[in-house]
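The block underneath contains the structure these notes are about, expressed in structure tokens.
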Amino acid sequence: MSGRRVLLDTSIVLDVLGGLEHVADLIQGCEVYLSVITRVELFASFKPSAERQAATQSFIDDSKLVQFSQEVQDLTIRFRRQYRLKLPDAAIAATAFYLDLELISADKAFSGVVAVMVER
């Protein structure tokens with residue numbers, strides 16, 4: 001393990017599940033965290049095949065899932081106001097900030113907030 005602790009935005013999880021090797025390589029050996037918001041987005045935004053749903057659940061199971069605590073909720077409000085992020089994005093950014101994790105995303109909405117922006 002590289003010692004890096006990272007929180008992945010939903011866009012990165014979708015890239016990894018979609019087979020983008022350069023994205024998967026970026027998180028290889030990292031301690032991976034996911035916001036519960038990402039879990040909701042992954043299962044609510046598309047109708048996956050049984051195989052895709054199993055792969056998604058396996059990825060989640062191999063990660064550390066972070067719940068939406070009161071502290072993260074309060075930071076979400078601050079991030080939503082300060083960065084004008086959509087609510088799910090603000091929650092994901094707040095989760096990374098609260099846990100002092102490196103946030104990785106391919107979503108341009110995070111450009112002023114994330115530690116690592118991934119090009120597709």
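Taken together, the values in this text are just the output of simple stated rules run on the coordinates, not laboratory data. What you see is a predicted model; the values in this text were computed from it and never measured. All Cβ positions, even for glycine, are placed from backbone atoms using ideal geometry, and neighbour counts span all protein chains on display.
General remarks:
- Gain in span if fully extended, Q70 to K86, counting 0.36 nm per residue against the direct Cα distance: 3.9 nm
- Cα lying deepest toward the dipole's positive end in segment 18-87, options I60, T76, S49, charges on Cβ: T76
- Helix-only [θ]222 nm of the chain, DSSP H runs n ≥ 4, -39500 (n - 2.57) each, per residue, nearest 500: -15500 deg cm²/dmol
- Long-range HN-HN contacts of R4 with modeled amide H, under 5 Å: E31
- Exposure rule at most 16 other beta-carbon atoms within 10 Å, DSSP loop chymotrypsin sites (Phe, Trp or Tyr not before Pro): the chain longest free segment: 69-120
- Environment charge at Y33 (Cβ cut-off 10 Å; Lys +1, Arg +1, Asp -1, Glu -1): 0
- Distance distribution note for the chain: the fraction of Cα pairs above 23 angstrom is 24%.
- Gyration tensor (alpha-carbon) shape descriptor, segment 36-96, a/c threshold 1.5: prolate
- Computed 3J(HN,Hα) for segment 78-92, one whole-Hz value per residue from the Karplus formula 6.51 cos²θ - 1.76 cosθ + 1.60 where θ = phi - 60°, is 4, 5, 4, 5, 5, 9, 6, 7, 5, 3, x, 5, 4, 5, 5, glycine and proline marked x.
- HN-Hα J in Hz across segment 61-71 - Karplus 6.51, -1.76, 1.60, θ = phi - 60°, x for Gly and Pro: 4, 7, 10, 9, 8, 9, 6, 9, 6, 4, 5
- For GluC sites (Glu not before Pro), the sites in segment 22-120 that DSSP calls loop and that have at most 14 other Cβ atoms within 10 Å are E119.
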